[in-house]
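Following: one structure in structure tokens, then a few remarks.
The values are calculated or read from the model by the stated rules, or taken from the named source; none is laboratory data. Quantities reported herein were computed from a predicted structural model and do not represent experimental measurements. Quick reminder, even Gly has a Cβ in these numbers, built from the backbone with ideal geometry, and neighbours come from all protein chains shown.
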Amino acid sequence: MSQALQRIFRGLKRKLVDAPRGLGRPIDKAVLDREYATGNWDHFFSFDELPRQLVLAGAIWNFHRGGSVLDLGCGSGRLAQLCQPYRFARYLGVDISSAGIAKANSLGLEGVEFLEASFETWRPSETFDAISFNECIGYARDPGATLEAFRPCLKPGGHFFISHHRHGNTAAQWRRLEAVARPVAATSILGAKGNLWDIKILSPGS
């Protein structure tokens, strides 16, 4: 099969099979590194995205004041930066992109550790009160399976905090996620440029 036909086949499979099932769309590390290096992800620091980022940071503090936070897909560290006034006991940011982690480290945030790793394969040796997926769960091969894999990494009474830009097959992805953990709070944020984000706090308890 030619490469062109392979691309067509992959595209059709994505549209007709994977997307309706709520599967994600992984991005290659090399692509992410290039995009962070060229500023493609600098919009996370923009005014348009500030309201949703503040809501996410405030939600984590509201549910787990002074607790421990695992920020998966932390990118260049914007959420960690906005969490600085809250003084969490532990804050660990993890991202697959070395360029993103380098930018995060350059922020010089107090009491924050950043680690280069993929949430598809990496698991912590400790547990956390809050685990966030800030605009990254849609890049997991299977968002539901990824959430399930991190359930043991939550402390008793812990929660997942997810911000997800509403587009494409996000509704199907939410269904997959909510089969693993039930929503206990949710809101939607409309950005200055018309972008719409859903923010949900999920509990893995039965």
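If you check Ala192 against the conditions, is it out of contact with any strand residue (DSSP E or B) (no Cβ under 9 Å at 6 or more places or on another chain) and touching a residue at least 40 places away in the same chain (Cβ under 8 Å)?
Yes, satisfied.
May I ask you to list pairs of residues, at least six apart or on different chains, whose Cβ atoms are under 6 Å apart, with the first in the range 73-89 being under 14 Å from Asn62 (Cβ atoms) and the second being modelled with pLDDT of 95 or more and among the aromatic types (Phe, Trp, Tyr)?
Filtered contacts from the range 73-89: Tyr86/Trp61.
With the structure loaded, tell me whether Leu72 is at pLDDT 95 or above, of a type outside the set (D, E, K, R) and buried (at least 23 other Cβ atoms within 10 Å of the Cβ) or whether it fails that test.
Yes.
Would you call Thr127 exposed (fewer than 14 other Cβ atoms within 10 Å of the Cβ) and at pLDDT 95 or above?
No: the conditions fail for Thr127.
What is the residue count in the range 106-120 for residues that are more than 25 Å from Lys200 (Cβ to Cβ) and in a loop (DSSP other than H, G, I, E, B)?
Residues that pass the stated criteria total 5.
When you look at Phe63, is it at pLDDT below 95 and either out of contact with any helix residue (DSSP H, G or I) (no Cβ under 9 Å at 6 or more places or on another chain) or farther than 23 Å from Pro143 by Cα (or both), yes or no?
The answer is no for Phe63.
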